1. Looking at the structure I just gave you, is Glu94 among the charged types (D, E, K, R), over 25 Å from Phe301 (Cβ atoms) and buried (at least 24 other Cβ atoms within 10 Å of the Cβ)?
2. Take the residues in the stretch 282-309 that are free of Cβ contacts under 8 Å to residues at least 60 places away in the same chain and touching a Leu at 6+ places or on another chain (Cβ under 8 Å), then tell me which one is farthest from Cys224 (Cα to Cα).
3. Only residues that are polar (S, T, N, Q), in contact with a strand residue (DSSP E or B) (Cβ under 9 Å, 6 or more places away or on another chain) and in a helix (DSSP H, G or I): list them for the stretch 178-188, please.
4. When residues of the stretch 180-230 are filtered for being surrounded by 15 or more Cβ atoms within 10 Å (Cβ to Cβ), under 24 Å from Phe148 (Cα atoms) and not β-branched (Val, Ile, Thr), how many remain?
5. Where residues in the stretch 194-235 are assigned to a loop (DSSP other than H, G, I, E, B) and of a type in the set (Gly, Ala, Ser), which of them is farthest from Ala260 (Cα to Cα)?
6. Which is part of a strand (DSSP E or B) and within 30 Å of Leu253 (Cα to Cα), of Gln175, Gln191?
7. Would you confirm whether or not the stretch 43-56 contains a residue that is under 23 Å from the mean Cα position of the chain (by Cα) and either farther than 23 Å from Ala129 by Cβ or buried (at least 16 other Cβ atoms within 10 Å of the Cβ) (or both)?
8. Looking for something at pLDDT below 95, in contact with a strand residue (DSSP E or B) (Cβ under 7 Å, 6 or more places away or on another chain) and either assigned to a loop (DSSP other than H, G, I, E, B) or not assigned by TED's automatic domain parsing to the domain that holds Ala40 (or both) - is there at least one such residue anywhere in the stretch 115-129?
Amino acid sequence: MRIILVGYGVVGKGVTTILARKDAEKVKEYGFNPKIVAIADIDGAVIDPRGLSPEKLEAIKQKGFPISKDPDFGRPGMPALDVIESVEAEVVVEVTPVNIKNGEPALSHIIKAFKTGKHVVTTNKGPLALAMPALTELAEYNNVYLRFSGTVGGGTPMLEFAKKCLAGDKILAIQGILNGTTNYILTEMSQNRVTFQEALTNAQKLGYAEREPSMDIDGFDTACKVVILANWIMNKKITLKDVDIKGIRDVSLEALDEAAKRGNTIKLIGSIDGDRPTVKPTEIPKNNPLCVSGVLNAVTFSTEFAGEQTLVGRGAGGMETASAVLRDLLDIRHKLATKLLT
């Protein structure tokens with residue numbers, strides 16, 4: 001399987017590390033032999049149609065930016081769209097930064113991949129939040145696969161759990177803590193009695209929150225994940241504009257104290273239950289399986305037959321998210337192999 005990697009940040013480097021490791025040779029047991037034939041980033045690209053060797057991938061990572069200055073395979077200034085169009089490959093792995101205003105440049109990368117007959121694995125929530133129904137339809141039209149495990153739960157297989165482990169059951173509702181940054185802030189406020197601003201500052205110092213944290217604390221990251229869950233698991237054709245969103249800026253120590261008197265606490269909950277998906281600070285019992293601390297994520301699937309099933313795990317991290325990319329690549333490889341046998 002020939003792979004074009006678009007984006008060379010923390011997740012992109014994690015993907016190359018996982019695929020280049022010698023112990024990753026074990027995945028060949030699945031009939032899976034991945035080769036990264038190109039990496040495209042903001043400054044240009046590196047391209048080797050035979051596949052960049054593990055040694056070359058490590059050298060590129062150690063040297064740092066700009067990757068296009070590689071003396072053997074560098075292509076300074078070559079746009080990612082040109083790489084996707086001109087380089088022969090089966091899959092594009094799209095891991096550029098999230099943009100929820102217009103989904104770019106990831107949206108154009110994904111569409112170009114589809115139109116050139118390439119499958120897509122992405123960890124980018126932006127295009128999915130804004131245009132998931134259209135993208136899934138376009139993938140089907142071009143007879144290619146779109147996979148995105150890393151967009152929800154990072155390395156924790158939340159989408160696969162619902163889609164595969166609960167197959168045959170009907171999922172009636174989904175509720176979850178889907179953002180580790182806000183969960184850390186609310187945990188700090190509740191357990192250590194610090195203000196929202198103090199907890200946010202701590203999160204930024206520890207690298208859990210961005211310098212400009214509105215994507216997390218205003219609920220947009222959670223809302224993106226709600227859209228993906230609603231479309232993929234419950235077949236609801238919605239986009240970001242259909243979600244009612246309220247972040248955690250107004251959660252006070254007083255509100256947390258009052259909740260504690262009732263044996264409860266406050267968490268930012270993304271919910272798909274009824275007609276309108278929501279994201280809002282919600283009071284929940286401390287003994288609720290969803291009530292996890294720190295940067296953990298948790299999601300509860302309410303089903304017709306199996307009752308409530310809750311999955312807990314880390315929701316972010318470069319290597320964790322890169323592991324989700326590997327799962328998606330293996331899934332595509334399995335589906336392609338199945339097609340050949342039928």
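1. When the stated conditions are applied, Glu94 passes them.
2. Ile284
3. Within the stretch 178-188, Thr182, Asn183, Thr187 meet the criteria.
4. Qualifying residue count for the region: 16.
5. Just the residues of the stretch 194-235 that are assigned to a loop (DSSP other than H, G, I, E, B), to begin with: 194-195, 206-213, 218-219, 235.
From what is left, the residues that are of a type in the set (Gly, Ala, Ser) are 207, 209, 219.
Values: Gly207: 28, Ala209: 26, Gly219: 23 Å.
The qualifying residue farthest from Ala260 (Cα to Cα) is Gly207.
6. On the way: Gln191 fails: part of a strand (DSSP E or B).
Step by step, each of Gln175, Gln191 is checked, and only Gln175 is part of a strand (DSSP E or B) and within 30 Å of Leu253 (Cα to Cα).
7. No: zero hits.
8. The answer is no, given that none of the residues of the stretch 115-129 is at pLDDT below 95, in contact with a strand residue (DSSP E or B) (Cβ under 7 Å, 6 or more places away or on another chain) and either assigned to a loop (DSSP other than H, G, I, E, B) or not assigned by TED's automatic domain parsing to the domain that holds Ala40 (or both).
The values are calculated or read from the model by the stated rules, or taken from the named source; none is laboratory data. Because the structure is predicted, anything quoted here is derived from the model rather than measured. FYI the Cβ positions are ideal-geometry reconstructions off the backbone, even for glycines, and counts take in every protein chain you see.
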